[in-house]
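Take a look at the structure below.
The values are calculated or read from the model by the stated rules, or taken from the named source; none is laboratory data. Here the structure is a predicted model, which is why all the values come from computation and not from measurement. Cβ sites come from the backbone with ideal geometry, for glycine too, and all protein chains shown count toward neighbours.
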Amino acid sequence: MENIKLNIEKAFSFVSKESVYAYEPKVRACMEMLHKGTGKGNDFLGWLNLPSSTTEEFMNEIIAVANDLRSRCEVVVVAGIGGSYLGARAVIDALANSFSWLQPSKNPVIVYAGNNIGEDYLAELTAYLKGKQFGIINISKSGTTTETALAFRILKTQLEEQVGKEEAQKRIVAVTDAAKGALRTLATQEGYKTFVIPDNVGGRFSVLTPVGLLPIAVAGFDIKKLIAGAQKMESVCGEGTAFTENPAAVYAAVRNELYAKGKKIEILVNYNPKLHYIGEWWKQLYGESEGKDLKGIFPAAVDFSTDLHSMGQWIQEGERTIFETVISIKTPNLKMEVPLDKDNLDGLNFLAGKRVDEVNKMAELGTQIAHVDGQVPNLHIEMPLLNEYYIGQLFYFFEKACGISGYLLGVNPFDQPGVEAYKKNMFALLEKPGYEKETEAIKARL
Ligand code: PA5
C-alpha cells in the first residue's frame, strides 16, 4: 500500500537543498528528545506511541458505545472546542457526503456545539433539536471550559425535558480527565458513560484518543483504519528511518529553514472543500504549539480554488513572507466527467470528456507554477485517496513533524499558556467567584 508523500522540490528555488539537509543532526537531536522524553513539555508525549498502543479491544469498546448512540439518536451533538472537537470534525467533514444532512442516511446527523458563545447559534441549534431524537458527546479534558460547559448545560436540560432523565443518561457520553474537573464530577453523579483523555496527551494531539475516535465512530467511519494509517506513519516517521525518507523530519526541517529565511506565514492549502476542517485542525496544532516566546510561523489555511478568487491576489503579489503546503488528493473517490454540449455556448467543449478532477489538477499545477514564480515556496503532500487510512497517516505525520519543529524552534510545543489570558479577563468581567481581585483590577481599566 502507498503512503502519503511529501515533496519539497518546489521550495528549493528559495532555500537550498543543502541548507535543508543540514538540519539532519538537529532534527535527530529533537527526535531523541521526543523519544527519550528529555525535552520541554515531556509530560505531554503520550501521543507519540498512541497509534501502536491503541488496542483492538479498546477500539471495540468505543465502537460498541458509538453503536448504542447510533441506535438511539438521529442527531448527535459533539460538544467541545479546540482540540476537543477539531480532529473529529476534520475526519467527519472529509469523509461524509457533502449533502448528508439533506438526505436520509443510516448515520446520525452530527452537529457541533460548545465551540463558540453565539447566542443565535445556540438558539438555532436548540430549535433544530426540538422534537428530534438526539444525544450528546460532551468532550472537555479540563472539564471546565466555559464554551463547552455552557452549551452542555443548555443541551442537557433540553434533552432531559424531551426524553426524561433516565433515557437522557443513556444518550450522553462524556470524554474527560480520569479524575479532575467539573465534567468528571457531573458524569459520575449523573452516571454517564465516560471515556478518559490520557493525562499525557494534550488537546490538540488528542484526535486519536476517544476525543476523536468516538464521534468519528458515531458518524459511521472506520476508526480501525484511521488508527492503522497512524500506526503506519508512526513507523515511517520513527527513529529507525533515514532523514530523507522521514517526511516528518524533512517537513520540520524545511519549514524551519523557510522561517529562518523570512517566510513567517505558512498557508495549508487544499483543493477539495472536504478538507476545510483538516486545515482548521492543523492551524490549532501548529499555532498553539509554536506561537510563543515571540516566535513561530503564523499558520493559516485556504481552500483552493475557492480562495484563489479572494486570497489569491495577496498570495501572488502581497508581502513575500509566505510559503504554502498543499495537500493534494491523487484520485477522487467518485467520478464526474464534463459533458459535451452541442451548442457550446459557454465555450467549454474543450473540456468535454475530461474528469472534473483533471481540471482541478491543472488549476493546482498552474497555481503552483505561478506561486513559485511569485516567490511562494511550495511544499506538496500527496494523499493517494481520501479515506480513514490516509487521514490517519496525515494526522500522525503532522503531529510528529510539529513536535520536532517546535523543538527546532526552541519552544515548548506542548503547552499553551497564552490561551489563558482571555479567560482570566472574561471570568473577571463576568464576576466569577474566586476572581474578585481580577474583577476589581479590570473594572478600574474600563
Ligand atoms: O489544545 C488545547 O489544549 C486546547 O485547545 C484545548 O483543546 C481546548 O481549549 C479545549 O480544552 P478542554 O478540552 O479542556 O475543554
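Structure values in brief
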quantity: Qualifying position, being in contact with a strand residue (DSSP E or B) (Cβ under 8 Å, 6 or more places away or on another chain) and within 13 Å of the ligand (Cβ to nearest atom), among ASP199, ASP177; calculated: ASP177
quantity: Hey, TYR407 assigned by TED's automatic domain parsing to the domain that holds GLY291 and either in a helix (DSSP H, G or I) or over 26 Å from the mean Cα position of the chain (by Cα) (or both) or not; calculated: yes
quantity: Segment 292-338: number of residues that are of a type in the set (Gly, Ala, Ser) and not in a loop (DSSP other than H, G, I, E, B); calculated: 4
quantity: Only one of ILE139, ILE197 that is in contact with a Lys or Arg (Cβ under 6 Å, 6 or more places away or on another chain), within 16 Å of GLY212 (Cβ to Cβ), crowded, with 23+ Cβ neighbours inside 10 Å and of a type in the set (A, V, I, L, M); calculated: ILE197
quantity: Criterion: within 16 Å of the ligand (Cβ to nearest atom), among the charged types (D, E, K, R) and over 15 Å from CYS30 (Cα atoms) - qualifying residue of GLU245, GLU234, GLU288, GLU266; calculated: GLU288
quantity: Inter-residue pairs, beta-carbon under 6 Å, first in the same structural domain as SER328 (by TED's automatic domain parsing) and over 18 Å from ALA66 (Cα atoms) and in segment 85-111, second polar (S, T, N, Q) and not in a helix (DSSP H, G or I), 6+ apart; calculated: none
quantity: Some residue of segment 45-64 being surrounded by fewer than 21 Cβ atoms within 10 Å (Cβ to Cβ), at pLDDT 95 or above and within 18 Å of the chain's Cα centre (by Cα); calculated: yes
quantity: Residue under evaluation ALA168, criteria (1) of a type in the set (A, V, I, L, M, F, W, C); (2) touching a Leu at 6+ places or on another chain (Cβ under 6 Å); (3) within 13 Å of the ligand (Cβ to nearest atom), criterion not met; calculated: (3)
quantity: Count - residues of segment 145-163 that are in contact with a Lys or Arg (Cβ under 9 Å, 6 or more places away or on another chain) and without any contact (Cβ under 8 Å) to a residue 60 or more places away in the chain; calculated: 4
quantity: Test: residue in segment 418-431 that is farther than 16 Å from ILE4 by Cβ, free of Cβ contacts under 8 Å to residues at least 24 places away in the same chain and in a loop (DSSP other than H, G, I, E, B); calculated: yes
quantity: Qualifying residue in segment 371-382 (condition: in contact with a strand residue (DSSP E or B) (Cβ under 9 Å, 6 or more places away or on another chain) and within 26 Å of LEU45 (Cα to Cα)); calculated: yes
quantity: Test: residue in segment 144-163 that is within 16 Å of the ligand (Cβ to nearest atom), polar (S, T, N, Q) and out of contact with any Gly (no Cβ under 6 Å at 6 or more places or on another chain); calculated: yes
quantity: Yes/no for GLU166 being charged (D, E, K, R), part of a helix (DSSP H, G or I) and either closer than 30 Å to PHE14 by Cβ or in contact with a Lys or Arg (Cβ under 6 Å, 6 or more places away or on another chain) (or both); calculated: no
quantity: Qualifying residue in segment 354-377 (condition: under 30 Å from HIS309 (Cβ atoms), in a loop (DSSP other than H, G, I, E, B) and of a type in the set (Lys, Arg)); calculated: yes
quantity: Inter-residue pairs, beta-carbon under 6 Å, first in the same structural domain as GLN158 (by TED's automatic domain parsing) and in segment 116-129, second among the charged types (D, E, K, R), 6+ apart; calculated: ILE117/GLU147
quantity: Number of the exception - THR325 against (1) surrounded by 22 or more Cβ atoms within 10 Å (Cβ to Cβ); (2) touching a Ser or Thr at 6+ places or on another chain (Cβ under 7 Å); (3) under 19 Å from LYS10 (Cα atoms); calculated: (2)
quantity: Selected residue [surrounded by 24 or more Cβ atoms within 10 Å (Cβ to Cβ) and outside the structural domain of ALA96 (by TED's automatic domain parsing)] from ALA217, ALA230; calculated: ALA230
